[in-house]
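Student: To start, I am sharing the structure in question, which I have written as structure tokens.
The values are calculated or read from the model by the stated rules, or taken from the named source; none is laboratory data. Here the structure is a predicted model, which is why all the values come from computation and not from measurement. Here the Cβ positions follow ideal geometry from the backbone for every residue, glycine too, while neighbour counts run over all protein chains shown.
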Amino acid sequence: MKTYSMKLDEIAKDWLVVDAEDVVLGRLATQVAVFLRGKHKPTFTANLDMGDNVIVLNAAKVKITGQKREQKVYLSHTGYMGGQRVTTMKKLMEKRPEEVILRAVKGMLPKTRLGRKQLTNLRVYAGGEHPHGPQQPKIIEL
């Protein structure tokens, strides 16, 4: 018996809404990564972008366990000598809470062109409203 492989024109993408309020950051990120990759579908094919579009709401209310809020640091570099910038999770949650979830999910996706393409299907909002009503997204409980 031969293994069936999906074709690009057979892929059906859904829109999903996930509420991040009082959900642990790591557990939220793993579930969102599974939905973005499409591993929850029985027709999963590893070399195709068959994941769903995911909308994460209430990013500012995500639960962070332990001392991560004060101790975890995010590194970035400007590209110039001595241009390394260090930001704590506490500062990032105050300024851009969407970035914390985005970085957590990005770390759980493949580090390839396909992983970067799958990350474009993620939309994160700090509040409880989103502009994607016409897509009729389904609500997912975590």
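Student: Find all pairs meeting these conditions: Cβ atoms under 9 angstrom apart; at least six residues apart or on different chains; first residue within segment 64-85 and more than 22 Å from Ala20 (Cα to Cα); second residue in a loop (DSSP other than H, G, I, E, B) and not acidic (Asp, Glu).
Tutor: Ser76/Gly83; His77/Gly83; Gln84/Thr78; Arg85/Thr78
Student: Output the residues belonging to segment 29-79 that are closer than 17 Å to Lys95 by Cα, touching an Asp or Glu at 6+ places or on another chain (Cβ under 9 Å) and charged (D, E, K, R).
Tutor: Residues satisfying the conditions are Lys61, Lys63.
Student: Which of the residues that make up segment 26-47 are in contact with a helix residue (DSSP H, G or I) (Cβ under 9 Å, 6 or more places away or on another chain) and surrounded by 19 or more Cβ atoms within 10 Å (Cβ to Cβ)?
Tutor: Across segment 26-47, the qualifying residues are Leu28, Ala29, Val32, Ala33, Leu36, Arg37, Gly38.
For (1) of a type in the set (D, E, K, R); (2) without any contact (Cβ under 8 Å) to a residue 24 or more places away in the chain; (3) outside any helix (DSSP H, G or I), each residue gets a yes or a no:
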site: Met6; (1), (2), (3): no, no, yes
site: Asp9; (1), (2), (3): yes, yes, no
site: Lys13; (1), (2), (3): yes, no, yes
site: Leu16; (1), (2), (3): no, no, yes
site: Leu36; (1), (2), (3): no, no, no
site: His40; (1), (2), (3): no, yes, yes
site: Phe44; (1), (2), (3): no, yes, yes
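Student: Only one residue in Tyr80, Tyr4, Tyr74 is at pLDDT 95 or above and touching a Ser or Thr at 6+ places or on another chain (Cβ under 9 Å), so which one is that?
Tutor: Exactly one residue qualifies, and that residue is Tyr74.
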